[in-house]
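In what follows, a structure is listed as structure tokens, so that the remarks can point back to it.
The values are calculated or read from the model by the stated rules, or taken from the named source; none is laboratory data. None of these values were measured; they are calculated from a predicted model. All Cβ positions, even for glycine, are placed from backbone atoms using ideal geometry, and neighbour counts span all protein chains on display. In case anyone asks, the SASA skips ligands and DNA or RNA and just uses the protein heavy atoms, side chains included. Shrake-Rupley method; radii C 1.70, N 1.55, O 1.52, S 1.80 Å.
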Amino acid sequence: SKDWYEQVGFAYKRGYEGMHWFALGHSEIMLHPGGGKQDEGAPTIHVATTALDELFARVKQAGLQPLDHQQPEVSLDAPVVRPWGYREFELQDPDGQWWAFTEASADA
């Protein structure tokens, strides 16, 4: 999954023994080898960003397919606008984990 995270825009920081650390802005995540695929009841990881359009363009340029969890069979050409006003899109990583990227206000 390391390559997928770099395509999304996470900066690779370090890794050893199958564990990998990535940065996204001032945040950091660590990938740890698991015992198998996620089950359907697994949570979606939500990431708020002030640069949603740039992130969307980056993942499209990397050949990844942004999705809408409400219509996963439909390819997105832009982030969706939810009835409550949020703009977002989702991706599924190679391990089956769902990620939702939501636009955050600059002062959030």
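Add -39500 (n - 2.57) for each DSSP H run of 4 or more in the chain, then divide by its residues: what number comes out at 222 nm, to the nearest 500 deg cm²/dmol?
So the calculated ellipticity at 222 nm is -4500 deg cm²/dmol.
What are the GluC sites (Glu not before Pro) within the stretch 44-108 that DSSP puts in a loop, where the Cβ has at most 10 other Cβ atoms within 10 Å?
Those that pass, being in a loop and sparsely packed, are Glu73.
May I ask you to derive the FRET efficiency for Met30 and Asp93 from their Cβ-Cβ distance with R0 = 22 Å, giving the value to the nearest 0.05?
0.95
For Met19, Met30, give the ranking by accessible area with the largest first, probe 1.4 Å.
Met30, Met19
Using a 1.4 Å probe and counting only protein heavy atoms, arrange Trp98, Trp84 so the residue with the most accessible area comes first.
Trp84, Trp98
Excluding Glu103 itself, what net charge comes from residues whose Cβ is under 10 Å from its Cβ, given Lys and Arg +1 and Asp and Glu -1?
After counting each charged neighbour, the total is -1.
Ordering Lys13, Lys2 from largest to smallest accessible area (1.4 angstrom probe), what's the sequence?
Largest accessible area first, the list is Lys13, Lys2.
Working out 0.36 nm times the residue gap between Glu6 and Glu54, then minus their Cα-Cα distance, what length gain in nm do you get to one decimal?
My answer for the length gained is 15.8 nm.
What does the extension gain come out to for Glu17 and Ala104, with contour length at 0.36 nm per residue minus their alpha carbon separation?
Going from the current span to full extension adds 27.9 nm.
Can you compute 3J(HN,Hα) from phi for each residue in the stretch 67-83, using the Karplus curve 6.51 cos²θ - 1.76 cosθ + 1.60 with θ = phi - 60°, rounded to whole Hz and x for Gly and Pro?
After applying 6.51 cos²θ - 1.76 cosθ + 1.60, I find 10, 10, 4, 7, 9, x, 7, 9, 6, 9, 9, 7, x, 8, 10, 7, x Hz.
Could you state the angle between the C-alpha long axis of helix 52-61 and the longest principal axis of the C-alpha atoms of the chain, as a value from 0 to 90 degrees rounded to the nearest 10?
With both axes taken from Cα atoms, the answer is about 60 degrees.
Which net charge results for the neighbourhood of His46, defined as the other residues with beta-carbon distances under 15 angstrom from its beta-carbon, given Lys and Arg at +1 and Asp and Glu at -1?
-3
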